[in-house]
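Some notes on the structure that comes next.
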Amino acid sequence: MKMTEFPKDFLWGGAISANQSEGAWNVDGKGPSIQDVAPGNRNVFTPIDPLKYDPKGYYPTHNGIDFYHRYAEDIKLFEEMGFKVLRMSIAWSRIFPNGDDDQPNEKGLEYYDHVFKALRAANIEPLVTLSHFEIPLHLVTEYGGWENRDTIKFFMRFVKTVMTRYQHQVHYWLTFNEINMALYAPLQTLGVDVKMSDPDREQHIYQAVHHQFVASSLSVAFARGLSTEQHVGAMLGYSPIYPLTGKPEDMLASLKAEQEKFFFADVQIKGHYPEFQLQYFKRHGINIQMLPDDEALLANNPVDFLSFSYYSTAVISADSAGQTEAQGNVIHAFESPYIPKSEWGWQIDPLGLRLSCNYLYDRYHVPLFIAENGLGAHDQLTDDGAIHDDYRINYLSQHLQALNDAINLDGVNVFGYTAWGCIDIISAAAGEMEKRYGFIYVDQDNQGKGTLQRIRKDSFWWYQRVIAENGAKQ
Ligand code: BG6
């Protein structure tokens, strides 16, 4: 099927995060992050207990896919595919090993000097997430993570250091990866260890989130002070929750589920807490401690653009009896009877991406960026040394078709697309290697065994062609 082309200068590329790819967790002065105490092959986002850290255990982030040592080779492969952009993150604890250090770790800074230099040489624009579930462990155990207002100060020390150092190499920044995921995985995202059963759970989480909002605005203000070439975006985990039926009660349940996510983008884009959230806080006795200047800070420093991850959708009903919980990292709703599922139970809904673009653009009228999208699947290395991943090609081409429609039929302003896990990396939720998203296969299994050899999958050649044709044909 022919597609109209994507906009001129559309940023095609892929996305990874530091903790899922770099490895070298304690090399060249890096300190441990919250991810470095998350064991492999665990249940999805189960709470991590840093005190139960077993030095003999298997912790997949410790080696990642060894991007730390192999970045040059990997960037060459991205260049071969024609990437215009690589979304990556900087590991906070590589720069400030404990988080509260006075001085940055020069070795860590030099590492990213090299990475950005290699990207620039390959004509690939870096898009850098400042915090991708990677808070330094010391800030979690000693300060209680983002719930403690001091964490803003430590984070800004990190942000100012990296924005100043890399201002000529990096022009696009994202503050907090899937900021709304805080509601479901507060330890990994906020460094706040609060149990599901804690009656004050939401109080702890929303207070910590407020501190991230303040840090987001301070980051925007700092970037603007550096130069007009700096652009800072928010990052939302966006999975629309449809009403199960057309019943008004189901519509209301869907609206509430959407507002739960909109809240995060509203504050970062509109610059204030939305009314529905203030009412929610009142009803639930949640009281956010703010400093007198916070409101003005939020109002004066909205982000420049909104990025989001999109994998799937789910449904919700006022009556949950008989419903099956849908799978997905940011989904807490039910399976749809109309939508097929991936091997991991994530619902595959290309049209949902077009809907998402419309919902978000209508609401915010800022440029959008698709920061993550992709299919986690088992791949088979065949006897001829190939990986025939037509299922991935199908998934991605249908989603690109829907994205193209959002842009060309609906007029949504989307300026880039980064396929998640463009090279196979450690999966975030369960720490598995064999949930693969990449165009490039990495020879490593769920126990961390393998040669780490990189092999081009069929989807590698497919994506290379998509980029070369600016998405014109699928
Ligand atoms: C998002 C995260 O939740 O989804 C990524 O930003 C993550 O870090 C991605 O890897 C896919 O999830 P998973 O659990 O399949 O790796």
Among residues of the stretch 195-229, those that are buried (at least 19 other Cβ atoms within 10 Å of the Cβ) and under 21 Å from residue 365 (Cβ atoms), counted:
5
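What number of residues in the stretch 111-127 are touching a residue at least 60 places away in the same chain (Cβ under 8 Å) and either under 15 Å from residue 164 (Cα atoms) or within 16 Å of the ligand (Cβ to nearest atom) (or both)? Break it down into steps so the answer makes sense when it comes.
Going residue by residue through the stretch 111-127, those that are touching a residue at least 60 places away in the same chain (Cβ under 8 Å) are 111, 124-125, 127.
Among the residues that remain, those that are also either under 15 Å from residue 164 (Cα atoms) or within 16 Å of the ligand (Cβ to nearest atom) (or both) are: 127.
The number of residues fulfilling the criteria is 1.
Name the residue, out of 143, 184, that is among the aromatic types (Phe, Trp, Tyr), within 16 Å of the ligand (Cβ to nearest atom) and out of contact with any Gly (no Cβ under 6 Å at 6 or more places or on another chain).
On the way: 143 fails: within 16 Å of the ligand (Cβ to nearest atom).
Of 143, 184, the one residue that is among the aromatic types (Phe, Trp, Tyr), within 16 Å of the ligand (Cβ to nearest atom) and out of contact with any Gly (no Cβ under 6 Å at 6 or more places or on another chain) is 184.
Can you go through 130, 137 and tell me which one is in contact (Cβ under 8 Å) with a residue 24 or more places away in the chain, within 16 Å of the ligand (Cβ to nearest atom) and either farther than 20 Å from residue 229 by Cβ or touching a Ser or Thr at 6+ places or on another chain (Cβ under 9 Å) (or both)?
Exactly one of 130, 137 is in contact (Cβ under 8 Å) with a residue 24 or more places away in the chain, within 16 Å of the ligand (Cβ to nearest atom) and either farther than 20 Å from residue 229 by Cβ or touching a Ser or Thr at 6+ places or on another chain (Cβ under 9 Å) (or both), namely 130.
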Quick check on the stretch 120-127. Is at least one of its residues surrounded by fewer than 22 Cβ atoms within 10 Å (Cβ to Cβ) and charged (D, E, K, R)?
yes
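Read the figures in this text as sums done on the coordinates, not as results from a lab. What you see is a predicted model, and the numbers here were worked out from it, not measured in a lab. Ideal geometry is used to build each Cβ from the backbone, glycine not excepted, and the neighbour counts take in all protein chains shown.
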